[in-house]
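Worksheet: one structure, shown below.
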Amino acid sequence: MNSEYLLKLAADISLYNAKKYLRATGWVQREDFLPKTTIFGRTEPECPFDEVELPKTEEDPWYAQTLLSASERLAKFEQREIMDVMQDLTDPNLDRIRFRIIAKDVELGSVELDLVKSLFQGISAVCLTAIKDLEAPAILHSRVDNKTIQQMQRYARFGQTEHGSFTVNILIPFGIPETSDDSILFEDVQKTTFRDGIRNMMQSVARVQETILEGNMDEFVRENSKSPFVSANMLAAFAQIDLWEDTELEISAQWSPLVPCENMQMRLRKPTLMHFDSLARKLQTLGKDKRNRLTFSGYVMQLLGGEEDEMGLQVGDVKIKALSNEGDDVQTTIRLDSREWYDIAMQSHREKRLVMFTGDLVNIKTSNVILNVREFRLSSESKEQRIGEEE
């Protein structure tokens, strides 16, 4: 590895994050009287002489060199690659999910250019669908999107690929910060939302593989249709990664040391991975009748009207803010052709009461709209109650 490149990476490590990582992994700051450096050591009896040295300040002219030396000592102590250690020092709040593609055509660490897009789209779809499957279990999702997924897309990122067949790193914060401020330090994250989705995905897919190996695929389809634990979308995403005749996939998770958790690993063998596409198609067929039909609750923001029914009474459009049963947050205009429904909308607007209804959520020109509204009715819950629950 080029020493100048490593020095540049070391210079970008904040002293705050370096200390946070050391403390989280069992290093203890020692009392010392050195004017320019701080010493961290181990408390275990078998490690009395293991020490890591950090600068006192980031203004130290030897800051980058000292951080690089600390990274090298940590890499030796942890028996890991120095790039992995430096990534953890830079962003200790990140979980690292590795997708290792194993196939003869990629054993030199490269992938055909015309397959790169499909491969990375498949890996991305696995991560995003993991959240959808956790928050809204279904045999088929009409669209893999909601507020949590949008937050994952914002905070997660691709890491550097590695040799060793072809390995892609996905770096994902373990949870959602309490503020949308980009400078948030994830100090007060209470829920491991993103991590829970990845853990659920790995457990669910391992369960699918076990079902295939036992020859119980038809039974899996029946049981998963009744009580979904993995969606057709997830299986289709894995099928998209299956690009070569001998593809196998190894997924491993190394969780952030700031929130300790037992690391996970699984390997999808070719004899099982090859069945994911057909299983996805079966689930898609069973779920097609439910594809876009969702249940919504929300409140009427504005009465637009604009039309009259056969009795000359006003009907038409209303502007509404609603939340679907799959977690989709939508603000759009819906059409109410029934005077009874329009009266309900007026009452909702006047009394600040929630309404409930079903509809098809579709995306038109990058905007989400609700079509084919049915069962429009008042809810016993008030708008103020909903706002209080959201807060």
Inside the stretch 173-210, can you point out the residues that are modelled with pLDDT under 95 and among the hydroxyl-bearing types (Ser, Thr, Tyr)? 179, 180, 183, 192, 193
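Pick out, from the stretch 1-117, the helices (runs of 4 or more DSSP H) lying fully within it that include 1 or more residues that are under 30 Å from residue 273 (Cα atoms) and charged (D, E, K, R). Can you show your working first?
Details: elements: 3-11, 15-24, 63-78, 82-90.
Ranges flagged: 82-90.
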Of everything in the stretch 1-54, what is out of contact with any strand residue (DSSP E or B) (no Cβ under 6 Å at 6 or more places or on another chain), exposed (fewer than 12 other Cβ atoms within 10 Å of the Cβ), over 15 Å from residue 69 (Cβ atoms) and of a type in the set (Ser, Thr, Tyr)? Give them in sequence order. 5, 16
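Filter the stretch 126-145 for residues that are open to solvent by 30 Å² or more (accessible area, probe 1.4 Å) and of a type outside the set (Val, Ile, Thr) and give the result.
Those that are open to solvent by 30 Å² or more (accessible area, probe 1.4 Å) and of a type outside the set (Val, Ile, Thr): 134, 135, 137, 142, 143, 145.
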Over the stretch 318-349, the set of residues touching a strand residue (DSSP E or B) at 6+ places or on another chain (Cβ under 9 Å) and free of Cβ contacts under 8 Å to residues at least 24 places away in the same chain is 319, 321, 340
Conditions: (1) at pLDDT 90 or above; (2) under 24 Å from residue 243 (Cβ atoms); (3) in contact with a Ser or Thr (Cβ under 6 Å, 6 or more places away or on another chain). Residue 141 meets all but one. Number of the miss? (1)
Within the stretch 308-344, tally of residues that are open to solvent by less than 70 Å² (accessible area, probe 1.4 Å) and not β-branched (Val, Ile, Thr): 18
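Just to confirm my filter: which helices (runs of 4 or more DSSP H) fall fully inside the stretch 187-295 and include at least 3 residues that are over 30 Å from residue 371 (Cβ atoms) and acidic (Asp, Glu)?
On the way: elements: 193-213, 217-226, 232-241, 270-273, 276-287.
By residue number, 217-226.
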Reported set for the stretch 34-61 where residues are within 20 Å of residue 17 (Cβ to Cβ) and free of Cβ contacts under 8 Å to residues at least 12 places away in the same chain is 59
Going by the structure shown, is residue 353 over 28 Å from the mean Cα position of the chain (by Cα), modelled with pLDDT of 75 or more and over 26 Å from residue 142 (Cα atoms)? yes
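Quick test for you: out of 217, 201, 274, 234, pick the one residue that is surrounded by 19 or more Cβ atoms within 10 Å (Cβ to Cβ) and over 30 Å from residue 90 (Cα atoms). Walk me through how you get there before you give the answer.
On the way: 217 fails: surrounded by 19 or more Cβ atoms within 10 Å (Cβ to Cβ); 201 fails: over 30 Å from residue 90 (Cα atoms); 274 fails: surrounded by 19 or more Cβ atoms within 10 Å (Cβ to Cβ).
Criteria check complete, one pass: 234.
Scan the stretch 71-83 for residues that are open to solvent by 20 Å² or more (accessible area, probe 1.4 Å) and either at negative phi or in contact with a Cys (Cβ under 9 Å, 6 or more places away or on another chain) (or both) and jot them down. Steps first, answer last, please.
Within the stretch 71-83, the subset open to solvent by 20 Å² or more (accessible area, probe 1.4 Å) is 72-73, 76-83.
72, 73, 76, 77, 78, 80, 81, 82, 83 - these are the residues of the stretch 71-83 that are open to solvent by 20 Å² or more (accessible area, probe 1.4 Å) and either at negative phi or in contact with a Cys (Cβ under 9 Å, 6 or more places away or on another chain) (or both).
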If you go through 269, 222, the only one that is of a type in the set (D, E, K, R) and either without any contact (Cβ under 8 Å) to a residue 40 or more places away in the chain or over 30 Å from residue 111 (Cβ atoms) (or both) is 222
Are there any pairs, at least 6 apart or on different chains, whose C-beta atoms fall under 7 Å, with the first in the stretch 161-175 and more than 25 Å from residue 131 (Cβ to Cβ) and surrounded by fewer than 18 Cβ atoms within 10 Å (Cβ to Cβ) and the second charged (D, E, K, R) and at pLDDT 90 or above, and if so, which? 164/100
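The values are calculated or read from the model by the stated rules, or taken from the named source; none is laboratory data. Keep in mind that this is a model prediction, so the values were computed, not measured. Ideal geometry is used to build each Cβ from the backbone, glycine not excepted, and the neighbour counts take in all protein chains shown. Just so you know, the surface numbers come from the protein's heavy atoms only, side chains and all, with ligands and any DNA or RNA stripped out. Shrake-Rupley method; radii C 1.70, N 1.55, O 1.52, S 1.80 Å.
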